[in-house]
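The values are calculated or read from the model by the stated rules, or taken from the named source; none is laboratory data. Model, not experiment: these values are computed from the prediction. Here the Cβ positions follow ideal geometry from the backbone for every residue, glycine too, while neighbour counts run over all protein chains shown. We work out accessible area using only protein heavy atoms, side chains counted, and drop any ligands, DNA or RNA first. Shrake-Rupley method; radii C 1.70, N 1.55, O 1.52, S 1.80 Å.
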Amino acid sequence: MAEHPKARPARVVEQHRSGYIVSDGPDHGFPVESLPEWQRPPGYRKGTVTIDQRPGVGDWLLVEGRKAVALLPRRSAIKRGAAGEHYQQQLIAANVDTVFVVCGLDADFNPRRIERYLLLVRGGGVEPVVVLTKADQAEAADAEVLPDAMAALVELAAQGVAVRAVNARDAESVAALNPWLQPGCTAVLVGSSGAGKSTLTNTLLGTERMKTGEVRENDSRGRHTTTHRALIPLPTGACLIDTPGMRELKPTGEEDVAENFSDVEALAEKCRFRDCKHAREPGCAVREAIEAGKLDPQRFANYLKLSDEVAGAAHRLAHRRAQKAEEKVANKSLSKRLDEKYGKH
Ligand SMILES: Nc1nc2c(ncn2[C@@H]2O[C@H](COP(=O)(O)OP(=O)(O)OP(=O)(O)O)[C@@H](O)[C@H]2O)c(=O)[nH]1
Ligand SMILES: [Mg+2]
Ligand SMILES: [Zn+2]
């Protein structure tokens, strides 16, 4: 602040390729000119600008007139690993208190996907709430979905995760989310395309602000109707961030698998061998639990898969950090040599 005495804080409400829309009061959005380091310079190499150096939706900026002058520190960040060969993180939303993990009780219902979302959300240190939409259609839906949904509910309850089933089109029903939408709170909606994120946003808002789209009949998948993230002030005094449905949800390598699968970890501690791989070893408590119907084999398979992915991403992250540290040392010694040769200026 001291460096920019005339600047005032404003929050990023939309992020576009061309720049940011910020707001310093309800319904008072305006575009700002980005700082040069937030833009991709010519010859931009992927992975060179980290998410800590570029704002996203939910971030607070200092602005002077129509110019952004600084990115203020975040208190939370929801992120994922970006697609592509270079290790990179992508910011989903900043400064949020709650993440609503939205999943429809239709043919797209998938407990394994919910587990993946929970892993990433908790990595960002934010409370997750699972919102099961299309509760009004659940009875008519595929009879296969309901037993899956019930099993998922029992597992989520055991982990202490809040779950609410709603009809996203009905205001009375979505009022179940109000405890997380108190004045001053920020929540973000995540989930696959067609799950009902924008429908929820509109119902909570009381107007059709966001475009919504039909889902495909055969698999209940959406058509990626929402194309950019948007922060919207709600009548309750909370802020809600609607996001486009994500196709891929890669861990960043900073997640804690053990925390998310404490049931599996607790079983593994009871295996006869400390390094039990839970494959064919005798006295394996994990396999016994699966055989006794106490652990869902698909949940266990997902635990193995996510453990692998997180370990792989953590390895790439460590490599990336080491590379950066090396570059820093190299740059330092270069500038030292230049100083010696040409003198400090
Ligand atoms: N009956 C019923 N339909 C719902 C419910 N929630 C969403 N829908 C319908 O599902 C379709 C998809 O909803 P959207 O809100 O566009 O989904 P989205 O999550 O925003 O999807 P993307 O923007 O593509 O990521 C729309 O036709 C909605 O009317 C619900 O709780 N009940
Ligand atoms: Mg949408
Ligand atoms: Zn074992």
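Points worth noting:
- Size of charge dipole - the chain - debye, nearest 20, with Cβ of Lys, Arg +1 and Asp, Glu -1, no other charges: 1780 debye
- Heavy atoms of residue 92: accessible area, 1.4 Å probe, square angstrom to 10: 10 Å²
- Between residue 211 and residue 265, the distance separating the two model label sites (each 7 Å from Cα on the Cα→Cβ line) works out to 4.4 nm.
- Free-standing Cys residues across the chain, given no other cysteine C-beta under 4.7 angstrom: 103, 185, 239, 284
- Gain on full stretching of the segment that runs from residue 110 to residue 298 - 0.36 nm per residue minus C-alpha separation: 66.6 nm
- Using the Cβ-Cβ distance between residue 64 and residue 176 with R0 set to 45 Å, the FRET efficiency works out to roughly 0.60.
- Max mean-square fluctuation residue, GNM over the chain, Cα-Cα springs under 10 Å, options 311, 168, 292: 292
- Cα pair distances exceeding 18 angstrom across the stretch 253-340, given as percent: 59 percent
- All C-alpha to C-alpha distances of the stretch 1-134, sorted into 10 Å bins beginning at zero, yield P(r) values of 11, 34, 32, 18, 4, 0 percent in whole numbers.
- Computed with a 1.4 Å probe over protein heavy atoms only, the accessible surface of the stretch 76-196 comes to 38 Å² per residue.
- Net lengthening on full extension, residue 335/residue 75 (0.36 nm per residue, minus Cα-Cα): 90.2 nm
- With Cα atoms as the point set, the radius of gyration and Dmax of the stretch 178-327 evaluate to 21.2, 60 Å.
- Built amide H within the under 5 Å cut-off of residue 67, gap 5+: 33
- Residue of 170, 52, 275 that the Gaussian network model of the chain assigns the largest fluctuation, springs spanning Cα pairs under 10 Å: 275
- The charge dipole of the stretch 93-242, taken about the Cα centre with unit charges on the Cβ atoms of Lys, Arg (+1) and Asp, Glu (-1), comes to about 580 debye, rounded to the nearest 20.
- On the stretch 93-242, 49 percent of the accessible area sits on carbon and sulfur atoms, based on a 1.4 Å probe.
- Efficiency of FRET from Cβ geometry, residue 27 and residue 6, R₀ 35 Å, rounded to 0.05: 0.90
- Extension gain for residue 280-residue 305 works out to 7.2 nm (0.36 nm per residue, less the C-alpha to C-alpha distance).
- Take residue 200: with every protein chain present and a 1.4 Å probe, its accessible area is about 0 Å².
- Once the Cα gyration tensor of the stretch 114-183 is diagonalised, semi-axes √(5λ) in Å: 21, 18, 9
- Qualifying GluC sites (Glu not before Pro) in the stretch 214-274, DSSP loop, other Cβ atoms within 10 Å at most 14: 214, 217, 248, 269
- Where only C-alpha atoms are counted, convex hull volume of the stretch 93-242 per residue in Å³: 103 Å³
- At most 14 other Cβ within 10 Å, DSSP loop - trypsin sites (Lys or Arg not before Pro), the stretch 151-219: 209, 211, 216
- Where only DSSP H runs of four or more residues are counted, the chain gives -9500 deg cm²/dmol as its mean residue ellipticity at 222 nm, each run worth -39500 (n - 2.57).
- Dipole orientation for the chain: of the candidates 237, 284, 104, 237 has the Cα lying most toward the positive pole (charges on Cβ; Lys, Arg +1; Asp, Glu -1).
- Residue-wise HN-Hα couplings along the stretch 186-191, as the Karplus relation 6.51 cos²θ - 1.76 cosθ + 1.60 with θ = phi - 60° gives them from phi, are 10, 10, 10, 9, 10, x Hz; Gly and Pro carry x.
- Partners of residue 305 within straight-line reach, counting lysines whose Cα lies under 30 Å from its Cα and excluding those fewer than 8 residues away in the same chain: 46, 79, 134, 197, 250, 270, 277, 294, 324.
- Overall shape: oblate for the stretch 147-236, with the ratio a/c of the largest to smallest alpha carbon gyration tensor axis at 1.5 or above and b/c at least equal to a/b.
- Tensor-based shape of the chain (alpha-carbon gyration tensor, a/c under 1.5 rounded, otherwise prolate or oblate): oblate
- In loop segments of the stretch 246-345 as defined by DSSP, the trypsin sites (Lys or Arg not before Pro) with at most 13 further C-beta atoms inside 10 Å of their C-beta are 247, 270, 272, 274, 277, 280, 294, 344.
- Counting only residues at least eight positions apart within a chain, or on another chain, the lysines with an alpha carbon under 23 Å from that of residue 341 are 328, 332.
- Heavy atoms of residue 223 accessible to a 1.4 Å probe, total area in Å² rounded to 10: 150 Å²
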